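See below for the structure under consideration.
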Amino acid sequence: TIYDSVQDLPGLKYDFIIVGGGTAGLVVANRLTEIPSFSVLVLEAGVSNEGVLESTVPFFVNDLLSFNIYDWNYTLTPQPGLNGRVLPYYRARLLGGCSAHNIMVYTRGSKDDYDRYAKLTGDKRWSWDGIFPYFLKNEKWVRPADHHDTAGQYNPLVHSTYGLNPVSLSGHPWPVGPRIIQATQELPHAYPFNLDMNSGKPLGVGWLQSTIGGGQRSTSATSYLAPQYAKRKNLHVLLHAQVTNLVNSSYSKGKLEFGGVQFLQPGSPPYTAKATKEIILSAGPVGTPQILMHSGIGNKTALSALGIQSLLDLPSVGQNISDHPAVGLSWTVNSTKTLESLAPNSTAFNEAFAQWNSTRTGPFVMGGLTNLGWLRLDPDSPIFEEFPDPSAGSLSPHIELLFSAGRSGATGHHMGISAAVVSPISRGSITLKSNNPLDPPLIDPGYLTSEFDLYVARVGLQRAQEFVTAPVWNDYVIAPTVNITNFTTDELNTFIRNNAAPIAHLVGSAGMSSSDASYGVVNPDLLVKGANGLRIIDASVLPIVPGAHTQAATYAIAERGSDLVKASWL
Ligand SMILES: Cc1cc2nc3c(=O)[nH]c(=O)nc-3n(C[C@H](O)[C@H](O)[C@H](O)COP(=O)(O)OP(=O)(O)OC[C@H]3O[C@@H](n4cnc5c(N)ncnc54)[C@H](O)[C@@H]3O)c2cc1C
């Protein structure tokens, strides 16, 4: 049952309390309540996703990416690597979390990414082979909205039709898509066609797969909290409940334990909910370290300086975070079939909306992206004389290219290619500004503070531009919006620093490490080191950002984390 007010909750004592009803939290809530004897309370600060059109219609993807009531409305600390710019940092504050407002790209990452997690944690179960069954448990492969023939666009052998969260190929044929695939045939060496980038071998260019089913966005709320699950008697979800900190601490056999979770609802005094088995933090890579630190878990000196009593000295909390910055180029094109043709309030927009409303087909069944590409730097790149290769291995990309069928909100008609740095060396941190849990934390991803990342961004833009030299573009592309051809390295750096922006794949703020490592926040069972009955299940546990968008990894962590919890209590 989903509740708006704490007054309506039957009680405040549960076996498990899950903090955050986001991407991971709702997976865990669903899987734990498969066991009828387990009682679960989810505390979610945000509002319901029910009826939020911007979160349902895939084409409206950008409408939620602004300051609004469905977001925490964070601002990053000034980013030195981005010319000191101060940027918004979107994190969803609604049921489903970021799965309900992200750009819906479904990518798992490379085999190397996971094999590296296994190595870092000393636990083979985090390897690609170990995690693969959990991708399948999460994913429900479905036909695209236009029911087009998908032969040759993906590999069915690496997908599952029995998971809970719908994933599909794009359901509307923007003309740029087939041209991108043709370019892979014309420049096969530099841009090989990849039938399926979710096979563990992402390198190359292929068709986009998205968390969309039946023409609608799929989220952890629409799938894992679908009515048949939400009605479970042992599952209670409380909305508008912002957790401030963990309370009633004690020590048992030298380990820290918390008896309860303190939370606020608008206009009410603080409440405490009690977990008899475990508290599970799924508040995401910003919320989770924030709650840990306000509960006295973090860098002892830093917490004491803010007047927070240190209960467990874990200096890795909030440190060593990594994320992907991206920077875009665009070209005017000789076509009117671009995203710009659907300008808000135009006849075409209204027709497309009417079509989506009546049949869940048409251009509104997808966002603006059509294809993705994943590239490695040339192994002879001079940058490797200064920096060791930070990628997870030879199957992992340094660069992602994101191809889009236009530029929403622009005039004219365009094709867009953004380049993202997906093997960053730059690291950042999340720290507290004050001891007030309602103050937003200081979020500093440290974008492009490493020269290596800047190099990758430059090469990424050059590769995007090179891609557009394939013959297929001769009768399509008119001219670049910004011509970087004759830019000096300094000019290119300035362009990047002035234009790069987060794609928000933050991880690492409560990273996992091997049980005996002196750094890290959780062990490979996702239990907080030095504590009892406290687990973290969300994107914060990944110690290094994968070369991929992070929701598939987050879903897999949550599926696997649920099994770990069950294994402890069954
Ligand atoms: C703008 C954007 C675009 C993205 N695009 C993509 C994409 O296209 N593809 C992809 O794979 N990944 C994408 N990502 C990343 C991906 O969505 C995230 O990595 C993933 O969803 C993180 O899941 P999570 O469970 O860790 O956190 P979240 O999904 O953020 O869940 C955390 C939940 O906890 C709640 N919460 C936080 N603090 C508290 C508190 N104190 N009390 C109570 N509740 C709290 C939040 O409101 C939220 O609902 C994107 C992310 C963003 C922000």
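Looking at region 78-95, which of the residues that are in contact with an Asp or Glu (Cβ under 9 Å, 6 or more places away or on another chain) and buried (at least 20 other Cβ atoms within 10 Å of the Cβ) is farthest from Ala501 (Cα to Cα)?
Leu95
Those residues that are within 13 Å of the ligand (Cβ to nearest atom) and of a type in the set (S, T, N, Q), I need them from region 224-249; list them, please.
Gln242, Thr244, Asn245
Keeping to region 142-182, report how many residues are within 21 Å of Met415 (Cα to Cα), out of contact with any Ser or Thr (no Cβ under 8 Å at 6 or more places or on another chain) and β-branched (Val, Ile, Thr).
Summing the residues that are within 21 Å of Met415 (Cα to Cα), out of contact with any Ser or Thr (no Cβ under 8 Å at 6 or more places or on another chain) and β-branched (Val, Ile, Thr) in region 142-182 gives 1.
Suppose we filter region 530-569 for residues that are among the aromatic types (Phe, Trp, Tyr) and either within 10 Å of the ligand (Cβ to nearest atom) or touching a helix residue (DSSP H, G or I) at 6+ places or on another chain (Cβ under 6 Å) (or both); how many remain?
1
Identify the residue in region 482-505 that is away from the ligand (no atom under 16 Å from the Cβ) and crowded, with 16+ Cβ neighbours inside 10 Å and, among all such residues, is farthest from the chain's Cα centre (by Cα).
Phe487
Which of (1) within 11 Å of the ligand (Cβ to nearest atom); (2) β-branched (Val, Ile, Thr); (3) within 21 Å of Lys231 (Cβ to Cβ) is the odd one out, the single condition Thr23 does not satisfy?
(3)
In region 87-143, what count of residues is obtained for those that are acidic (Asp, Glu) and more than 16 Å from the ligand (Cβ to nearest atom)?
Residues flagged as acidic (Asp, Glu) and more than 16 Å from the ligand (Cβ to nearest atom) within region 87-143 amount to 4.
So which of Tyr162, Tyr154 is outside any strand (DSSP E or B) and either crowded, with 19+ Cβ neighbours inside 10 Å or on the phi > 0 side of the Ramachandran plot (or both)?
On inspection, the qualifying residue turns out to be Tyr154.
Any residue at all in region 73-86 that's in the same structural domain as Ser5 (by TED's automatic domain parsing), of a type in the set (A, V, I, L, M, F, W, C) and within 9 Å of the ligand (Cβ to nearest atom)?
The answer is no, given that none of the residues of region 73-86 is in the same structural domain as Ser5 (by TED's automatic domain parsing), of a type in the set (A, V, I, L, M, F, W, C) and within 9 Å of the ligand (Cβ to nearest atom).
Give the residue that is nearest to the ligand (Cβ to nearest atom), with candidates limited to residues of region 261-300 that are of a type in the set (A, V, I, L, M) and over 20 Å from Lys529 (Cβ atoms).
Among residues in region 261-300 that are of a type in the set (A, V, I, L, M) and over 20 Å from Lys529 (Cβ atoms), the one nearest to the ligand (Cβ to nearest atom) is Val286.
Which residues, counting only those in region 34-56, are more than 11 Å from the ligand (Cβ to nearest atom) and either crowded, with 24+ Cβ neighbours inside 10 Å or within 19 Å of the chain's Cα centre (by Cα) (or both)?
Answer for region 34-56, where residues must be more than 11 Å from the ligand (Cβ to nearest atom) and either crowded, with 24+ Cβ neighbours inside 10 Å or within 19 Å of the chain's Cα centre (by Cα) (or both): Val40, Leu41, Glu54, Ser55, Thr56.
Can you name every residue in region 248-275 that is more than 23 Å from Ala510 (Cβ to Cβ) and either surrounded by 24 or more Cβ atoms within 10 Å (Cβ to Cβ) or of a type in the set (Val, Ile, Thr) (or both)?
Listed by number, the list is empty, since nothing qualifies.
If you go through region 20-32 one residue at a time, do you hit one that is over 21 Å from the mean Cα position of the chain (by Cα) and within 21 Å of Asn165 (Cα to Cα)?
yes
Find all pairs meeting these conditions: Cβ atoms under 6 angstrom apart; at least six residues apart or on different chains; first residue within region 537-557 and in the same structural domain as His101 (by TED's automatic domain parsing) and more than 20 Å from Ala100 (Cβ to Cβ); second residue near the ligand (Cβ under 9 Å from one of its atoms) and not β-branched (Val, Ile, Thr).
Cβ pairs passing all conditions: Val545/His505; Pro546/Ala553.
Search region 39-68 for residues that are more than 30 Å from Asp15 (Cβ to Cβ) and pair each with any residue that is part of a helix (DSSP H, G or I) and of a type in the set (Val, Ile, Thr) when their beta-carbon atoms are under 6 Å apart and the residues are at least 6 apart or on different chains.
Short answer, once both residue conditions are applied: Pro58/Val365.
Counting only residues that are within 16 Å of the ligand (Cβ to nearest atom) and assigned to a strand (DSSP E or B), how many does region 199-216 have?
7
Among (1) in contact with a His (Cβ under 6 Å, 6 or more places away or on another chain); (2) buried (at least 23 other Cβ atoms within 10 Å of the Cβ), there is one condition Asn245 misses while meeting the rest; what is its number?
Condition not satisfied by Asn245: (2).
In region 224-322, which helices (runs of 4 or more DSSP H) lie fully inside it and hold 1 or more residues that are in the same structural domain as Thr1 (by TED's automatic domain parsing), in contact with a Lys or Arg (Cβ under 8 Å, 6 or more places away or on another chain) and within 29 Å of Val167 (Cβ to Cβ)?
Fully inside region 224-322 and qualifying: 284-294.
The values are calculated or read from the model by the stated rules, or taken from the named source; none is laboratory data. Nothing here was measured: the structure is a model prediction, and the numbers come from that model. Neighbour counts run over all protein chains shown; Cβ positions are idealised from the backbone, glycine included.
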